[in-house]
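A short write-up of the structure that comes next.
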Amino acid sequence: MSQPMRQRAALRGFSLVELMVSMVIGLVIIGAAFSTYLGNRGGARQTAALAQVTDDATTAFGILRSQIAMAGYSQPTAVNAAGTLDRRLNGITILGCEGGFAANAIMTMTPQAVTSVSCERDTRNASDVFKPDSILVRYEADMTNTPIVKNEAEVSRPSDCQGTSIEDDSTLNAAIADNRFRVDTSSAELECSGSGLSSQVDSNGQPKNRTTDPLVQNIVDMQLTYGMSSTGTGVVDRYVKANDVGLPGTSGYDTAWQKVVAVRVCLLVRSTD
């Protein structure tokens, strides 16, 4: 082959078929790489979402579990004729509402009775949109079972679920935690209303109004069932919804709620996405 012909052969480019084959191979490689990237990214997002949901659920369950476990706790004051302990706090220590507490009935409390609570949905109706349940938990708060905070006088006091100091009830001479938990569906938050403010008075000597604070975000729903010990032995013989235990204010509701010895909590938690 002559020198010019060898130069022309060396300078010859790719044919159209070769270019098309190369493009197809390149596109396949790029598509495979992009698919792997999207899969890894989706897997990472799913893993992050699952971790966040797990963290939120763990936190919410931890709060509710610790509070419900303390329901009814009170220091003994004496041994009665029946050989059992008398305690400062008696009466209802757990009370629930299907569909939540009525908005105008969560402001005050009394030492031995829950007379200020009514439910937003007192009867079952097939047309009702089911809303998250709410629960009230009561116990004697002291310096060992709650975080210690300073009151307005800079005196160390036990606190409610909002971290507000609780003052002693004048009748019981003890601080009573009256913590009420609900889910705000508009902001998807587990919220709490404590008794700290309602145990204090304003400048006019009137009890301060309760407030509600968010505890855990991304909680969409809370459904509760209550374990009842009909025999009084502490052994659960059935789990029922709040309306089946008794509606606040109806005849015998206080006796029925004192038979509740366990609570099952079901939470629906979402991711931030």
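The values are calculated or read from the model by the stated rules, or taken from the named source; none is laboratory data. Nothing here was measured: the structure is a model prediction, and the numbers come from that model. Ligands, DNA and RNA are stripped out before the accessible areas are found, and what is left, the full protein with its side chains, is counted by its heavy atoms. Shrake-Rupley method; radii C 1.70, N 1.55, O 1.52, S 1.80 Å.
Keeping all protein chains in the complex and leaving out DNA, RNA and ligands, what accessible area do you get for Ser15 with a 1.4 Å probe, in Å² to the nearest 10?
Probe radius 1.4 Å; accessible area of Ser15 about 50 Å².
Work out from phi, with θ = phi - 60° and the Karplus expression 6.51 cos²θ - 1.76 cosθ + 1.60, the ³J(HN,Hα) of each residue of segment 139-154, listed in order in whole Hz, and give x for Gly and Pro.
6, 7, 8, 9, 7, 10, 9, 9, x, 8, 10, 9, 8, 5, 8, 6
Provide Rg and Dmax in Å for segment 151-238, with only Cα atoms included in the calculation.
16.8, 49
Please list, in chain and number order, the residues 5+ apart from Ser195 or on another chain whose amide H is under 5 Å from its amide H, with Hs placed from the backbone.
When sequence neighbours closer than 5 places are left aside, the close amide H contacts are Cys161, Asp178.
At a temperature of 4 °C and a viscosity of 1.567 mPa s, determine how fast segment 211-273 diffuses translationally according to Stokes-Einstein, using the Kirkwood radius over alpha-carbon pairs as Rh; express D in µm²/s, rounded to the nearest whole number.
Once the numbers are plugged in, D ends up at 95 µm²/s.
³J(HN,Hα) across segment 161-166 via Karplus (A = 6.51, B = -1.76, C = 1.60, θ = phi - 60°), whole Hz, x for Gly/Pro?
5, 9, x, 9, 5, 10
Once you keep just the Cα pairs under 8 angstrom separated by 6 or more residues, what percentage relative contact order results for segment 169-263?
Once normalised by length, the contact order is 20 percent.
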